[in-house]
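Working notes, structure below.
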């Protein structure tokens, strides 16, 4: 069979199944390679966030639209284009959120690397990162969230920290906290697990149940993080407190100091709540189930007021929620909107075919019910990337 020649296509034509080459050296793209097979929607969103206008298609040419199909798209009337402007803006917003999330992860990684060698440099970089997060939070009057992906199957300290910062800042903003406290929450969240750098990797990355000794070692990470950051004397007391006490519960059942509510700063309580929720969400692959467990099994461990704010931030269908639609397709929520029952979703049929980004605000279909990952076919799980970790970033487009 003759080898297919590479062709150049705009980023708007990227679809799953293509094998593409980026017009960038490997040192200037987040994949660190040029040749990529597009198997996850997150890959496409990351590529669309790069400073490029096109890619080269190496394989999968048959998946691309034919000339006649392209012509049909170009024949849209001006009225139709105007009506769907919000769709283009929503797609752009998701790309921007993904790009910002990846940048925040990279900035956090650089910070972590300086904690011992250059604490002053770390502090300067942390201030820049916090201002970026604060700016992104305040871009819209109301806070909406997008689903983002760091491209790996397992959580990292940096991706987890940034996602916790986003969720914690959203809660604090809804709680009418001032910018000073928002900054403390942002930085404390990003750094809250830095002590895990001192935990042996064999324990930190172990699959399966930890031994009692390993659990005790892991529970030392708040103290280890406190020692790493506090030695410089540069970071605000509220930030250091978050690092030390982000596993405390208001009923005194947390660690390392078994504090009760009156002795836990509200900024620390917010980060502890977001951290606990994200842990449950990653464990059960379901934002809804995680909330249910938070209500049933964490009663009295978190402030009821803060939990209610968390529910308002997440909405009825938080990003990452798996749902069934009224046209019998299944989907994953990608972005919350002002219409809380009508988020933007990535959908497919029950076998995983015909994937597409859907805008439920169009009113053609609606969500019928929330579903569990175990109820999906292998094809749908793959298409919807239902196994991927759920991370959040601010959505600056509030439709």
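Couple of notes before you dig in:
- Odd one out for residue 15, checked against (1) surrounded by fewer than 19 Cβ atoms within 10 Å (Cβ to Cβ); (2) assigned to a helix (DSSP H, G or I); (3) under 26 Å from the mean Cα position of the chain (by Cα); (4) at pLDDT 80 or above: (2)
- Within region 362-376, tally of residues that are within 21 Å of the chain's Cα centre (by Cα), surrounded by fewer than 17 Cβ atoms within 10 Å (Cβ to Cβ) and not in a strand (DSSP E or B): 2
- Helices (runs of 4 or more DSSP H) contained in region 117-212 and holding at least 3 residues under 27 Å from residue 331 (Cα atoms): 157-174
- Filter result (assigned to a loop (DSSP other than H, G, I, E, B) and out of contact with any strand residue (DSSP E or B) (no Cβ under 7 Å at 6 or more places or on another chain)) within region 342-361: 342, 349, 351, 352, 353
- Selection within region 280-310 - surrounded by fewer than 15 Cβ atoms within 10 Å (Cβ to Cβ) and at negative phi: 283, 292, 295, 296, 297, 299, 304, 305, 308
- For region 241-265, a residue qualifies if it is in contact (Cβ under 8 Å) with a residue 40 or more places away in the chain and either buried (at least 17 other Cβ atoms within 10 Å of the Cβ) or under 25 Å from residue 182 (Cβ atoms) (or both), and the qualifying residues are 241, 242, 243, 246, 249, 250, 254, 261.
Yes/no matrix, rows are residues, columns are (1) in contact with a strand residue (DSSP E or B) (Cβ under 9 Å, 6 or more places away or on another chain); (2) within 16 Å of residue 369 (Cβ to Cβ); (3) part of a helix (DSSP H, G or I):
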site: 288; (1), (2), (3): yes, yes, yes
site: 296; (1), (2), (3): no, no, yes
site: 305; (1), (2), (3): no, no, yes
site: 309; (1), (2), (3): no, no, yes
site: 319; (1), (2), (3): yes, no, no
site: 324; (1), (2), (3): yes, yes, no
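The values are calculated or read from the model by the stated rules, or taken from the named source; none is laboratory data. Bear in mind that the values here come from a model prediction, so they are computed numbers and not experimental data. Cβ: placed from backbone, ideal geometry, glycine included. Neighbour counts: every protein chain shown.
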